[in-house]
Structure formats: C-alpha cells, structure tokens
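The values are calculated or read from the model by the stated rules, or taken from the named source; none is laboratory data. Keep in mind that this is a model prediction, so the values were computed, not measured. Here the Cβ is made from the backbone with ideal geometry for all residues, glycine too, and neighbour counts use every protein chain on show. Heads up: the accessible areas ignore ligands, DNA and RNA and are worked out on the full protein's heavy atoms, side chains in. Shrake-Rupley method; radii C 1.70, N 1.55, O 1.52, S 1.80 Å.
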Amino acid sequence: MSTSADTAAREVEADLVVDAVRQESDGVVSLRLIAPGDRELPTWAPGAHVDLMLPNGAVRQYSLCGDPADRASWRLGILREPQSRGGSSFVHDSVKKGTVLRTRGPRNNFALADSPRYRFIAGGIGITPILPMIAAAHAAGADWTLHYGGRSRRSMAFLDELGAYGDRVTVLAADEVGLPDLDALLGSPEPDTLVYCCGPGGLLDAVEQRCAAWPAGALHLERFAAKEPASAADDAAFELLLQESGLNLTVPADKSVFEVVREAGVNVVGSCFEGVCGTCETGVVDGEVDHRDSVLSPAEREENEVMMICVSRCRSGRLTLEL
Ligand code: FES
C-alpha cells in the first residue's frame, strides 16, 4: 500500500486509442488500447486496474488482462452489466476501433505476492485480473491451479487462452456441473499457499468464509462492488487535521472526508466513491480510522496507516491525515 499524501500526484491520465474490439464470450468484449504516436504505456503488474473515464461522464474500473511486458498496448475485458448505469453499456454499444478513451492509472490493490503455490479462483468477469497472475505464476515455475466458474461456457471469456494451461485450469460452468465445491478446494489450509479470488460478492464471501482457518495473509480478494454499504444512521461529526496543508476542518455526519477535503480546496482524486477502487487512498498520521472500504485487508486495517477517504470515517473524534 502506498502512503503517499497526494493521491492526485500518482494518478496518470492519458487519452488512448481503441485499436481492437473483440467479442470474448456472450456479454464480454475485450478492448486493446494503444497510445497515439506509438508511445510506451506506463508499466503495470498483475492485479492492476485502470479507470476508464467515459465521454458520458461515467468512470469505471477495469482490470488489465494482457501481458505486462507489452508496453505498446493494454487489454481490458468488459462485461455488459445487466444493471449498467452507463459504463459497460456505453463500452459495448458505442466504443469501436479508433475511439479515444481517457484512462487513469494503472493502480494495483490486488498485487501478486511471491509464493511457491497458488490457488486461483475466478467467477465470471473476475477472470480478468487472474489471467496475468496465472501467466506470472506459470513463468515463475510456481505450483498453481485455477478454478474458473461461470453461468455457462458461452458466457465465460478467455476459455481459449486458458486451454493452453491444460489440467491446471478447471472450468466450472454452472449449467454443466453446478457451483464450485469450495469445501473440497479450501476446506484444509495448505502450507506455503496463497489464495487469489476475484468475482461476484457471493463467491468472495464464501471463499472468505472457507479461508477463515487459513494463515493470516493467505487470502487475497478483489471486489468489484462494495461489500457492505456504509451505514449512515449512527455517523457522527469529527475533527479533521490535514498535516501538509495545515488545515483544521470538521467532517459533519452527512459528509465524507473526501467531500470535506475537496471543498477545502485540497487536490484529491476519487473514482468509485464506494470504497472499492483504491483511488482515494490517503496516509493516516493519527486517529483511529473506522474502515468501511472493500480494499484493505484485515492486517492493513489494523496497521491504520492508510484509509479510503470516500467512505471511511473516524472512531476517535479526531483524525490527522498526511494531506
Ligand atoms: Fe474508490 Fe475511494 S474513490 S475507494
């Protein structure tokens, strides 16, 4: 986790050109993005995502699912969300070869740690961050398996690529075999093994539950939607000190830290505003944070070094941030 005080300074924005659009399955397209003038794109590592800042004003996060060694292009896989509010439907309906898209990032809340053994679990479009992870694990000679679940094979993207890995990959189409047997997969903690999981909230909750007996730090999750909505009912006002700006502010019960900081003229960047993307991560100097995000691990929450200022608040009445 970064502890940078200036969330705006480390965000790179760029206009990229859609070089190819490919239908990867029913409901999933991939976009190949390149920089104009054949410039190199920023480096990234498996697990990273970028924001697409769409012309209709929607900002959405998508995992990079190509090859990190390819500095000429990025690949994103995008599911048409049934309840789309203008993000994925815009991409599916309006983005074509030659479309220019503004991007921000890359950013990585789901980095792949070194390990001799991995259990990868993906549900649906959650396969996207896992693709470069298994390539990296494979290249490093790690022992790994992937269990990839989806509604049906027709809906599951990138099956052709995954075929190259043989029986390390288990495809679990629900209309053929039902749901993954997580008890069999995760019932007994395995030594020196990391579990990486991305997919719908129900799958992540179930995996989290099965991994409760695993060593701390073994499980790594990435959520696409907030785990639990922040409850506003018992929110209280608190004092907010900004170390670098020298400001002393009050966060009222009905506003977020992000809103108050922004209104005070401090340059902060947010994207999802529901605690899932990590864009607004901010260094904490003092005070006990009431963490309400879906990004930080239990250990990171305990460290109390950073917080997501779009949703998290304060338990101690007074909070000091690096900003
Ligand atoms: Fe996405 Fe705060 S803006 S976590």
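Remarks
- First in segment 50-68 and open to solvent by 50 Å² or more (accessible area, probe 1.4 Å) and at pLDDT below 95, second anywhere and away from the ligand (no atom under 16 Å from the Cβ) and part of a loop (DSSP other than H, G, I, E, B), Cβ under 6 Å, 6 or more apart: Asn56/Gly86
- Residue pairs meeting the criteria (Cβ under 8 Å; at least 6 apart or on separate chains; first more than 22 Å from Pro215 (Cβ to Cβ) and more than 8 Å from the ligand (Cβ to nearest atom), in segment 292-311; second part of a helix (DSSP H, G or I) and open to solvent by less than 20 Å² (accessible area, probe 1.4 Å)): Met307/Val257
- Selected residue [assigned to a strand (DSSP E or B) and surrounded by fewer than 23 Cβ atoms within 10 Å (Cβ to Cβ)] from Val285, Val268: Val285
- Residue check for Ala137: among the hydrophobic types (A, V, I, L, M, F, W, C), in a strand (DSSP E or B) and touching a Phe, Trp or Tyr at 6+ places or on another chain (Cβ under 7 Å): no
- With respect to the conditions (1) part of a helix (DSSP H, G or I); (2) more than 14 Å from the ligand (Cβ to nearest atom); (3) surrounded by fewer than 20 Cβ atoms within 10 Å (Cβ to Cβ); (4) modelled with pLDDT of 95 or more, Thr250 lacks only one, and its number is (1).
- Screening Ala140, Ala122 for residues that are modelled with pLDDT of 95 or more, among the small types (Gly, Ala, Ser) and surrounded by fewer than 19 Cβ atoms within 10 Å (Cβ to Cβ) leaves exactly one candidate, Ala140.
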